[in-house]
Amino acid sequence: MAKKPAQGQEMWGGRFAAKPDQIMEAINASIDVDQRMAEEDIAGSKAHVRMLADRGIVTEADRDAILGGLDAVIEEIRKGDFPFRKDLEDIHMNVEARLKELIGEPAGRLHTGRSRNDQVATDFRLWVREALKTRADQAEALMRALIDQADLHAETVMPGFTHLQTAQPVTFGHHLMAYVEMFSRDKSRFQDALVRMNESPLGAAALAGTGFPIDREQTAEALDFFAPMANSLDAVSARDFAVEAVSACSICAMHLSRLAEEIVIWASAQFHFVRLSDAWSTGSSIMPQKRNPDAAELVRAKTGRIYGALQALLTVLKGLPLAYSKDMQEDKELTFLAFDALDLCLASMTGMVSSWTVDKDAMRAAAAHGFSTATDLADYLVRELGLPFREAHHVTGATVKLAEDKGCDLADLSLEELQSVEPRLTDAVYSVLTVEASVNSRTSYGGTAPARVREQISRWKELLE
């Protein structure tokens with residue numbers, strides 16, 4: 001008579017007689033992480049058992065018992081009443097063990113024609129697929145918030161920077177629309193990754209497929225995959241879908257961090273371009289005057305966590321031979337971390353952008369300083385006086401030096417002072433020395449002229465309808 005396996009060994013069958021060491025159990029278990037795939041695990045099991053019954057591999061009675069039991073299990077999980085056990089390692093065995101407690105012997109037929117290898121690959125793809133859809137929606141929500149603010153500020157003049165030095169005047173609406181373009185690419189990366197990953201591993205079994213007459217097309221269709229994966233080895237071992245998804249998260253986080261850095265600068269007392277709402281600011285325990293942009297700072301910081309998850313995931317996978325290795329157990333925690341952090345960052349940024357207050361006067365005053373219209377003067381010299389650009393650049397530089405020595409801006413120089421550098425200048429030159437004239441002149445496609453900014457706002461509103 002066969003010896004009954006020790007508790008916790010049922011999943012391994014008769015090969016092992018002794019229980020694992022406690023440390024082995026701790027390093028081997030993943031239930032604390034992968035229990036969040038319970039919905040996906042049960043959805044995959046339902047599709048699998050329906051297919052088994054349709055193919056005559058299990059009886060309809062067993063199918064119905066299993067489906068009813070799975071419904072009971074997921075209800076317990078949703079209510080927080082499910083007895084998760086570490087000795088059962090993962091979500092798959094926890095569900096199957098509880099199913100056996102609820103319905104008895106038919107539960108043992110659920111795993112026919114599949115392995116935990118294709119089961120976890122299926123669950124993980126289902127989870128990442130939904131996460132990608134959600135992040136694409138969140139990126140769009142942020143785009144809409146930015147577009148709304150750009151619409152309000154299509155004519156609000158601010159300094160444009162290179163090297164964080166005043167360069168040329170732009171409009172705040174134009175600046176915000178640059179981020180709309182960035183986050184639109186992030187949205188498309190999430191959607192592109194989703195298309196590439198949407199194939200079903202279910203039915204690949206451990207690594208070689210199965211001898212049971214299963215229908216992989218049926219389970220793929222039931223789970224809204226485009227098709228079953230074409231190679232069973234690849235099906236259970238491929239994790240590039242997770243790498244690509246976390247990579248897309250990392251790029252999006254980089255864009256969020258750039259915007260967060262600008263918000264930190266803009267909200268400072270030295271700039272005072274924007275004021276974050278009370279809902280997105282914090283105070284100081286000792287300095288009552290402080291309004292700290294902590295949400296923006298934390299968005300900036302969490303980017304490092306997402307980058308770290310990507311690097312760690314790549315490192316986990318880089319040396320693995322085909323097909324499945326236990327190393328892959330580490331992929332989910334890293335992926336969950338990246339998506340969770342990005343979720344917070346996207347939601348926080350949308351909240352900050354939607355509710356900030358813009359100080360137009362501070363922006364305009366800053367744009368008027370730092371000789372931001374110097375390039376406009378150089379262009380005027382080329383256009384009106386026919387100077388080669390390099391000579392015009394030299395003349396403009398000498399004019400800037402004159403204004404700098406006098407402690408004023410270009411528009412504050414008298415005509416006589418301007419003519420001391422270039423005698424052919426007339427009063428007409430003042431038409432290009434204001435920040436409003438500068439931004440209005442930038443009418444090339446994609447430029448900062450308010451009319452062009454409003455074109456892009458209209459284009460994006462139509463695209464997002």
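The values are calculated or read from the model by the stated rules, or taken from the named source; none is laboratory data. Here the structure is a predicted model, which is why all the values come from computation and not from measurement. Neighbour counts are summed over all protein chains in view; Cβ atoms, including those assigned to glycine, are modelled from backbone coordinates with ideal geometry. Heavy atoms of the whole protein, side chains included, go into the accessibility calculation; ligands, DNA and RNA do not. Shrake-Rupley method; radii C 1.70, N 1.55, O 1.52, S 1.80 Å.
Here are a few things to note about the model shown:
- Whether the range 305-400 is rounded, prolate or oblate, judged on the alpha carbon gyration tensor where a/c under 1.5 counts as rounded: oblate
- Extension gain, residue 333 to residue 277, is 16.8 nm, computed as 0.36 nm per intervening residue step minus the present C-alpha separation.
- DSSP bridge analysis restricted to the chain gives an antiparallel fraction near 80%, rounded to the nearest 5.
- Between the alpha-carbon centres of the range 290-333 and the range 31-81 there is a gap of 30 Å.
- Projected area, mean over directions - the range 231-390, Cα convex hull, nm²: 16.7 nm²
- Each peptide among 351-363, 39-51, 175-187 gets the average number of other Cβ atoms lying within 10 Å of its residues, and from highest to lowest they stand as 39-51, 175-187, 351-363.
- Virtual spin-label span in nm between residue 269 and residue 112, 7 Å along Cα→Cβ: 7.5 nm
- In sequence order, calculated HN-Hα J values of the range 75-88 (Karplus, 6.51, -1.76, 1.60; Hz; x Gly/Pro): 5, 4, 5, 5, 7, x, 9, 7, x, 4, 10, 5, 5, 8
- Under 5 Å from the amide H of residue 171 lie the amide H atoms of 158, each residue being 5 or more positions distant or on a separate chain, with H modelled from the backbone and absent for Pro and chain starts.
- Projected onto their three principal axes, the Cα atoms of the range 261-351 cover extents of 59, 25, 20 Å, largest first.
- Compared with the dominant Cα axis of the chain, that is its longest principal axis, helix 389-406 is turned about 80°.
- Around the Cα centre of the chain, unit charges on the Cβ atoms of Lys, Arg, Asp and Glu (plus for the first two, minus for the last two) sum to a dipole of about 780 debye.
- Rounded, prolate or oblate (a/c below 1.5 giving rounded, otherwise prolate when a/b exceeds b/c) for the range 66-207 by Cα gyration tensor: prolate
- Calculated from backbone phi, Karplus (6.51, -1.76, 1.60) coupling profile of the range 349-364 in Hz, x at Gly/Pro: 5, 4, x, 5, 5, 5, 10, 6, 10, 9, 9, 4, 5, 5, 5, 5
- Scattering from the range 127-196 was approximated by placing one identical point on each alpha carbon and applying the Debye formula without solvent; log10 I(q)/I(0) at 0.14, 0.15, 0.20 1/Å stands at -0.53, -0.58, -0.79.
- Over the range 365-465, the ratio between the Cα radius of gyration and 2.2 N^0.38 Å evaluates to 1.27.
- Listed residues 102, 415 arranged by accessible area, highest first, probe 1.4 Å: 102, 415
- Between the range 392-465 and the range 128-143, the alpha-carbon center distance in angstrom: 40 Å
- With all pairs of different C-alpha atoms in the average, the Kirkwood value for the hydrodynamic radius of the range 194-246 is 11.4 Å.
- Every helix of 4 or more DSSP H residues in the chain counts as -39500 (n - 2.57), and over all residues that averages to -19500 deg cm²/dmol at 222 nm.
- In terms of distances greater than 20 angstrom between alpha carbons, the cross-link table entries 79/326; 187/332; 86/326 yield 79/326; 187/332.
- Here the Karplus curve 6.51 cos²θ - 1.76 cosθ + 1.60, taken at θ = phi - 60°, turns the phi angles of the range 152-169 into couplings of 6, 10, 5, 10, 6, 7, 9, x, x, 10, 10, 6, 6, 10, 4, 10, 9, x Hz, with x standing for Gly and Pro.
- Whether the chain is rounded, prolate or oblate, judged on the alpha carbon gyration tensor where a/c under 1.5 counts as rounded: prolate
- Among 163, 182, 194 the positive-end extreme of the charge dipole of the range 158-250 (Cβ point charges): 163
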